[in-house]
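Here is the structure we will look at, set down as structure tokens.
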Amino acid sequence: QLQLVESGGGLVQPGGSLRLSCAASGFTLDDRDIGWFRQAPGKEREGVSCISSSGGRTSYANSVKGRFTISRDNAKNTIYLQMNSLKPEDTAVYYCAASISRGCLGTNFGSWGQGTQVTVSS
């Protein structure tokens, strides 16, 4: 059984920081590329960041590049998203998901978690 659980969201002021965690169970995490996604109310879900199975390759949406950092600790079966310099437009529900095929270069992701709410507001 493949399962991912997100945590770490909350309410933060503009310019603040949060670290999201994605805990994996039911599969070997180092076999999978993992992506972070977000969805704001009334908007389409968008990709935020992705990390290769070994952690050696990362990618970011232009809107978060330089502010967010994705990392993973395969020994702990956990993926992280460090979010700095947060802006109100970062407000969304954040999800992690595992690549099913083609890794971070593809669009086929599954094992979606329940999501964690990030709200950036003064």
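Surface exposure of the stretch 20-122, expressed per residue as accessible area with a 1.4 Å probe, stands at 49 Å².
For the pair ARG19 and VAL5 in one chain, pulling the backbone fully straight at 0.36 nm per residue adds 3.6 nm over the alpha carbon distance. Dipole orientation for the chain: of the candidates PHE68, ALA98, SER53, PHE68 has the Cα lying most toward the positive pole (charges on Cβ; Lys, Arg +1; Asp, Glu -1). The amide H of LEU86, built 1.01 Å from its N in the peptide plane, has GLY15, GLY16 as neighbours under 5 Å, considering only residues 5 or more places off or on other chains.
The solvent-accessible area of SER7, taken with every protein chain present and a 1.4 Å probe, is close to 60 Å².
Among the cysteines of the chain, each one has another cysteine beta carbon less than 4.7 Å from its own. Hey, in the GNM for the chain with a 10 angstrom Cα cutoff, which one of LEU18, LEU81, LEU105 fluctuates hardest? Highest fluctuation of the listed residues: LEU105.
These residues, GLU44, GLU89, GLU6, go from largest to smallest accessible area, 1.4 Å probe, as GLU44, GLU89, GLU6. For the pair the stretch 81-105 and the stretch 1-75, the centres of their Cα atoms are 4 angstrom apart.
Here the accessible area is traced with a 1.4 Å probe on the protein chains. For the chain, carbon and sulfur cover 45 percent of it.
The values are calculated or read from the model by the stated rules, or taken from the named source; none is laboratory data. This structure is a prediction, so every number in the text was calculated from the model and none was measured. For neighbour counting, all protein chains shown are included, and Cβ atoms are generated from backbone atoms with ideal geometry for every residue, glycine included. Note: accessible area is taken over every heavy atom of the protein model, side chains too, but ligands, DNA and RNA are not part of it. Shrake-Rupley method; radii C 1.70, N 1.55, O 1.52, S 1.80 Å.
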